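Only one structure is covered here, and it is reproduced in the block below.
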Amino acid sequence: MGKNLTYKILEKHLVSGKLVEGEKIGIKIDQTLTQDATGTMAFLEYEAIGASKVKTELSVSYVDHNMMQIGPENQNDHQYLQSVAQKTGVYFSRAGNGICHQVHLERFSRPGRTLLGSDSHTPTSGGNGMLAIGAGGFNVALAMAGEPFPMTAPKVVGVKLTGKLQPWVAAKDIILRVLSILSTKGNVGCIVEYFGEGVSSLSVPERGTVTNMGAELGATTSIFPADEKSKAYLTAQGREDQYEPASADADAKYSHIVKWLHPEKDATFIENIRRYCPGAQINENEKNSDGAIQVEFDEIHIDLNELEPLAAQPGSPDRVIEVRKIAGMTVGQVIVGSCTNSSYHDLMTVSTALKNKSVHPGVSFAIAPGSKQVYTMIAKNGGLGDLIASGARILESACGPCIGQGQSPGSGVVSLRSFNRNFVGRSGTSNDNVYLVSPETAAAAALTGKITDPRDIGEYPNIEWPEKFLVDDSMIIAPKDDPVEVIRRDTIGSPPDNQPLPANISGLVLLKAGDKVTTDHIMPAGEWLKYRSNIPAYSRAVFVNVDSTGHERGKEGFDAGEPSFHDRALAVKKTGKHGIIVGRDSYAQGSSREHAAICPMYLGVKVVLALAIERIHRDNLVNFGIVPLLFKSETDYDGITSGDNLSIDDIRNQLKPGHDVHVINPITTKDFYASHNLTQTEIDWVLAGGRLSFIAASKN
């Protein structure tokens, strides 16, 4: 039986464990990346474990998130990062050089290599045949120190592409279609691998768009083969010597996927699986205790010839609908950019579509080039001038509006963005109306002032890919062997200490949340982002936009005078009790930010109980000594109310691989058993109070 590309790369990088689906393994990491919002803490952790020079083939520290520099905190972080990078042998990409994922794809991605990044959109480099995985900052710090990355040997979801994208249909529409099939939940432990003759029609930046937004699936990563298009891309970047072919065997097999979906609330996903997965079995008579039915399939088949412009409706990237079905809706804001869609081709397509035309008077239109390379190229060829002449506002080459750093839409305003996430409030406006679309659909709305199928606005601007990209790495500082003094200003803290897990948990449910709680809900970015290197200050933001019942603040029924999560948690901690967070399905999807574990840990949280916890957050909880437990049924979840007291007696002995944990509600006398998927090694970390505490104890 032939091998898929994922397992070929895993096999070459296997350090420990058996490469059998579902087994725990450790893999060698070739490259790492960090960015300033997560990287400052990652490097503080790197110093805390006593590491010196990095052991990877290449590590890069980027500055692309905290760019507004309101107050001293951001530049303090940047000076620390630049100096510590020099000291540890890490390349440093300066502010203004661009968004980490686009720059890494351009200048450092290599087929067949592994990349671990402290940002959930690290899979972007999967567009160039890399196994590129997002993780918490501490895991990246350990990888820089030469430690293998622990993971589960994945299921591999095969996506077969045939045909060719038609005019005005974009790579963004491919990943939106995949999201409409797989949804944002139920894909933990999976890697999505693209294959088929349709792959050869896509450029590396287009593939990068698909793998970038594949992070919204909740999958470990996504990957394309490295082929002649990859070779042409690397040649155009002046890196032809780094090309090597990487592809699945012709007879490669992909995993058999089984999902449990609810017939009513998941009806659209079930129908799309039936449509796009040949031979799919919808076992309506096979139901679990929660009423979900069993759905099985082997591969996803997408004919690019038949694909049309799509949009993700507000609230979630998987609420996908055809653009033509929502055409005519008035639009007040359009933004093109982010690590998903700000390549040379994306911006030149928009520029050409708007050339000699004006942005609709009712639309605020902004452009954020993804990298200095792109910015300079469109400036030199006149594309930037055409955008400015049309009425576009040109933003910095940074994450910016995608993470709520400026350009928040007005109240009730429909905003079309070529971004990857539209979680409610992520834009900086509560109850916003953000639609995710391709640059092509964004350009059409900028011109018409309404959601418009771009196929209706005229001839498609066929943009030629450049034979040579403009290569200027002057804003990437290479490490030196000279002695370096690390610059550490007073706004920079240190990783917080944690005590070993207590013998018994006597806890209060500080918050009970519903489905799809994101890391943006737990730890908002925007105005809070500058506190990422100061845990006591940033901990004030934990669930700041969510009330004690798990609902977003400002909605009907919220008591504005209620104490914040921060205050409730500290009050409980002072009594000697422990904090417990209860979530439902897909808890902590979204960003890799480990602060969503560090800050609750700092506030005394010891347990997170949910129906499902997303991969990166689950690992972050373990790294910082919080026990991730899983409800075995919705009934157990329904039986808990915010404010309940829960007890777990003798938890240190109860935590054993494959054994359930007994949870008691002393007031209601209700009890239940919760499961976990911790290995013995992970249990040892949790018992010690987290991995950093474990390492410190091991040295004594």
### Query
Ordered by residue, what ³J(HN,Hα) values in Hz, to whole numbers, does segment 95-100 give under the Karplus form 6.51 cos²θ - 1.76 cosθ + 1.60, where θ = phi - 60° and Gly and Pro are x?
4, x, 7, x, 6, 3
### Task
Determine the gain in length on full extension of the stretch ALA697-ASP290; use 0.36 nm per residue of separation and subtract their C-alpha separation, reporting nm with one decimal.
142.2 nm
### Rg and Dmax of the chain, Cα atoms only, in Å
24.0, 72
### Query
Could you give the angle, 0 to 90 degrees to the nearest 10, between helix 73-88's Cα long axis and the longest principal axis of the Cα atoms of the chain?
90 degrees
### Query
For ILE49, what is the net charge nearby, where nearby means another residue's Cβ is under 15 Å from its Cβ and Lys, Arg count +1, Asp, Glu -1?
0
### Query
If you put +1 on each Lys and Arg Cβ and -1 on each Asp and Glu Cβ, how big is the dipole of the chain around its Cα centre, in Debye rounded to 20?
820 debye
### Summary
Cα convex hull volume per residue for segment 312-456, in Å³, equals 89 Å³
### Message
Among ILE70, GLY98, GLN86, which residue has its Cα furthest toward the positive end of the charge dipole of segment 55-127, with +1 on Lys/Arg Cβ and -1 on Asp/Glu Cβ?
### Response
GLN86
### Query
What nm value, rounded to one decimal, do you get for the distance between ALA537 and ASP482 when each label is placed 7 Å out toward the C-beta?
3.0 nm
### Task
Quote the FRET efficiency, to the nearest 0.05, computed for HIS301 versus GLU552 with a Förster distance R0 of 35 Å and r equal to the Cβ-Cβ distance.
0.40
## Note on the structure
In nm, the gap between the two label points placed 7 Å beyond Cα toward Cβ at LYS573 and ASN645 is 2.2 nm
### Message
Test of understanding: what is the full-extension gain from LEU470 to ASP497, defined as 0.36 nm times their sequence separation minus their Cα-Cα distance?
### Response
5.1 nm
### Query
Treating the beta-carbon of each Lys and Arg as +1 and of each Asp and Glu as -1, no other charges, what is the dipole magnitude of segment 1-156 about its Cα centre, to the nearest 20 debye?
660 debye
### Task
Find which of ALA246, TRP168, GLN31 sits farthest along the positive direction of the dipole of the chain, computed with +1 on the beta-carbon of Lys and Arg, -1 on that of Asp and Glu, about the Cα centre.
GLN31
## Note on the structure
Descending packing, highest mean Cβ count within 10 Å first, for 475-482, 660-667 is 660-667, 475-482
### Query
So what are the ³J(HN,Hα) numbers for segment 292-308, from phi and the Karplus equation (6.51, -1.76, 1.60; θ = phi - 60°), rounded to whole Hz, Gly and Pro as x?
7, 9, 8, 10, 10, 7, 10, 9, 9, 10, 10, 8, 5, 4, 9, 5, 10
### Query
Nearest 0.05, what FRET efficiency do ILE388 and ILE463 give at R0 = 25 Å with Cβ-Cβ as r?
0.85
### Message
Let me confirm the definition first: pairs of Lys residues in segment 1-72, 8 or more apart or on different chains, C-alpha distance under 27 Å. How many are there?
### Response
17
### Query
In debye, nearest 20: dipole of segment 312-456 around its Cα centre with unit charges on the Cβ of K, R (+) and D, E (-)?
60 debye
### Task
Using a cut-off of 12 Å between beta-carbons, work out the net charge of the residues near ALA219 (Lys and Arg +1, Asp and Glu -1, ALA219 not included).
0
### Task
Rank LEU570, ALA597, GLY690 by how far each Cα sits towards the positive end of the charge dipole of segment 505-699 (+1 on Lys, Arg Cβ; -1 on Asp, Glu Cβ) and give me just the farthest.
GLY690
### Query
How large is ³J(HN,Hα), in whole Hz, for each residue of segment 680-689 in order, when computed from phi with the Karplus curve 6.51 cos²θ - 1.76 cosθ + 1.60 and θ = phi - 60°, using x for Gly and Pro?
5, 4, 5, 4, 4, 4, 4, 4, 6, x
### Query
How would you order 109-116, 246-253 from highest to lowest mean count of nearby Cβ atoms within 10 Å?
109-116, 246-253
### Query
Expressed in nm to one decimal, what extension gain is obtained for the pair HIS256 and LYS670 from 0.36 nm per residue of sequence separation less their Cα-Cα distance?
145.2 nm
## Note on the structure
Asserting the computed 222 nm helical MRE of the chain (DSSP H runs at least 4 long, -39500 (n - 2.57) per run, divided by residue count, to nearest 500) equals -8000 deg cm²/dmol
### Summary
Taking a straight Cα-to-Cα line shorter than 16 Å from LYS229, and setting aside same-chain aspartates and glutamates fewer than 8 residues away, one finds GLU106, GLU197, GLU206, GLU240, ASP241, GLU244, GLU464, GLU467
### Query
Sorting THR40, THR184, THR124, THR162 on the 10 Å Cβ count, fewest up front, what's the list?
THR162, THR184, THR40, THR124
### Task
Give the longest segment of the chain that steers clear of GluC sites (Glu not before Pro) in DSSP loops with at most 11 neighbouring Cβ atoms within 10 Å, not counting the sites themselves.
24-263
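Rule-based calculations on the coordinates, nothing more; no lab input. Since the model is a prediction, treat every value here as computed from it, not as a measurement. Every residue, glycine as well, gets a Cβ built from its backbone with ideal geometry; the counts of neighbours run over all protein chains shown.
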